[in-house]
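*Asks:* Please see the structure below; I have some questions.
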Amino acid sequence: MEAPRLPLVLASASPRRLDLLARLGITPARVIATDIDETPLKAEVPRALAARLSLAKAEAALPLAEGALVLAADTVVGVSRRILPKGETEAEARFCLKLLSGRRHCVTTGVVLALPDGRRIQRVRYRHEQRGRRIGRGMRCTVTPVTAPPTCWVKTWISCCCASCCATATA
């Protein structure tokens, strides 16, 4: 006898997360956009922030998802121990891109699956990346937010032009 399948609730308004699930052939029964404070705690490192926020999102969605599995995630970008802001404004995006220019950074994602019986399964994964192109003096940089998915510096396009070259890159 097969156990009954529990509905899956995605605790995220991110079109990217919904797309990732669709690629796996999974359609959530419901999507709940959680509204939590994502401010890093004093001296909090990227890995700890990703873990804390993913758990907080799952916990915030649980009361609205009775009897369902709740999937929540959060991604944090850091340079060394420094957590970068989401870059929701052009000024923030420019700041982040300048800080990342030519530097190695870490993209950390925390994922939580909350089960109706109270158990929580949590994983935190990270990958190191190198921002290949250095933005130097004499280069004009135009930051154009991508409108779908929502504006976020990770999904921001930069066009860097100077006298000797012209290139387009993603952050």
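*Asks:* Quote the relative contact order of the stretch 1-137 in percent (integer), defining contacts as alpha-carbon pairs under 8 Å separated by 6+ residues.
*Replies:* Relative contact order comes out at 24 percent.
*Asks:* So for the pair ARG30, ARG127, with labels modelled 7 Å out along Cα→Cβ, what separation do we get in nm?
*Replies:* Each label point lies 7 Å from its Cα, and together they span 3.2 nm.
*Asks:* Determine, from the Cβ-Cβ distance of ALA43 and ASP19 and an R0 of 30 Å, the FRET efficiency 1/(1 + (r/R0)^6), rounded to the nearest 0.05.
*Replies:* 0.30
*Asks:* If you count only protein heavy atoms with a 1.4 Å probe, what accessible area per residue comes out for the stretch 77-126, rounded to a whole Å²?
*Replies:* 59
*Asks:* Carbon and sulfur atoms: what percent of the 1.4 Å accessible area of the stretch 1-73 do they account for?
*Replies:* Of the solvent-accessible surface of the stretch 1-73, carbon and sulfur hold 59 percent.
The values are calculated or read from the model by the stated rules, or taken from the named source; none is laboratory data. Everything numeric here is computed off the predicted structure, so don't read it as measured data. No Cβ is skipped: glycine too gets one built from the backbone with ideal geometry, and neighbour counts run over all protein chains shown. For accessibility, only protein heavy atoms count, side chains too; no ligands or nucleic acids. Shrake-Rupley method; radii C 1.70, N 1.55, O 1.52, S 1.80 Å.
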